[in-house]
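Q: Have a look at this one.
Coordinate-derived values only; no laboratory data. Given the structure is predicted, the values throughout are model-derived calculations rather than measurements. All Cβ positions, even for glycine, are placed from backbone atoms using ideal geometry, and neighbour counts span all protein chains on display.
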Amino acid sequence: MSVFSSQYSQIVDSRNVVFEFCMSISESDYKAEVPNFGRGSIRSTHAHIADTYLFWIGKFALQQEPIFINHSSITSIIEMKSKFEEVNALVNEFINRFELQPTIELQRLHPRKGKIELTPLALFTHVITHEFHHKGQMMSMSRILGYPPPDTDLIRV
């Protein structure tokens, strides 16, 4: 198993803790706007995390045309979890393609920045750290909504 695969397996394990926890939250609270958070709700933040994978891994690295998530069309946590199954398939394709060349320069056009160069390692690091940043926000939102969050770190003791 490659380092990328091993690391992503740990990410998915931690993500599954989040999904299991979200199943204990009412669907109305999952969708509820929480003031002072950039994405507004746990659902919107979840969708933003998935869309970031779709953009950087799907569009930028793999040069595919992903279908981004309309967060308001997601009516349940189960639907969101199925969107992440699509993310997992995309990441697995990315790993299969780039695991043996993690430092190759990928030169692509960014819609706002023009031509940029990034390595698969940088892209992979970006999407997983981005997910953990927003996961922390989701756990803070859940606490505000009255749901004490579980430990969602990679190493849970």
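Q: Mind sorting T119, T45 by how few other Cβ atoms lie within 10 Å of their own Cβ, fewest first? Kindly include the intermediate steps, with their values, before the conclusion.
A: Values: T119 16, T45 20.
Ascending Cβ contact count within 10 Å gives the list T119, T45.
Q: How would V34, V12 line up from fewest to most surrounding beta-carbon atoms within 10 angstrom?
A: Ranking V34, V12 by Cβ neighbours within 10 Å, fewest first, gives V12, V34.
Q: Sticking with this one: Return the single residue from I144, I49, I69 with maximal mean-square fluctuation; model: Gaussian network over the chain, springs between Cα atoms under 10 Å.
A: Between I144, I49, I69, it is I144 that shows the largest mean-square fluctuation.
Q: Of the lysine pairs in region 3-144, how many meet both conditions: Cα atoms under 18 Å apart, and a spacing of 8 or more in sequence or different chains?
A: 8
Q: Return the calculated 222 nm mean residue ellipticity for the chain, to the nearest 500 deg cm²/dmol, obtained by summing -39500 (n - 2.57) across DSSP H runs with n ≥ 4 and dividing by the residue count.
A: Result for the chain, helices only: -18000 deg cm²/dmol.
Q: Please report the equivalent ellipsoid semi-axes of the chain, computed as sqrt(5 x eigenvalue) of the Cα gyration tensor, largest first, in whole Å.
A: Numbers: eigenvalues 156, 63, 36 Å².
Computed over the chain, the values are 28, 18, 13 Å.
Q: In whole Hz and in residue order, list the ³J(HN,Hα) couplings for region 9-21 that follow from phi through the Karplus curve 6.51 cos²θ - 1.76 cosθ + 1.60, θ = phi - 60°; x for Gly and Pro.
A: For region 9-21, the Karplus curve yields 4, 5, 4, 4, 4, 5, 4, 5, 4, 5, 4, 4, 4 Hz.
Q: Still on this structure, please answer the following. Relative to the longest principal Cα axis of the chain, at what angle does helix 120-144 sit, 0 to 90 degrees, rounded to 10?
A: With rounding to tens, the tilt is 10 degrees.
Q: For E27 and I116, compute 0.36 nm times the residue count separating them, minus their Cα-Cα distance, and round to one decimal in nm.
A: My answer for the length gained is 28.1 nm.
Q: Which ordering of H71, H110, H130 is given by a fewest-first count of other beta-carbon atoms within 10 Å?
A: Details: H71 20, H110 12, H130 15.
By the 10 Å Cβ count, ascending, the order reads H110, H130, H71.
Q: Hey, what angle do you get for helix 77-98 against the long axis of the chain, alpha-carbon based, 0 to 90 degrees rounded to 10?
A: Roughly 20 degrees, rounded to the nearest 10.
Q: GNM, the chain, Cα, under 10 Å: largest mean-square fluctuation among L54, L90, L100?
A: Among L54, L90, L100, the largest mean-square fluctuation in the Gaussian network model of the chain belongs to L100.
Q: Whole angstrom only: what separates the Cα centroid of region 32-50 from the Cα centroid of region 79-157?
A: 16
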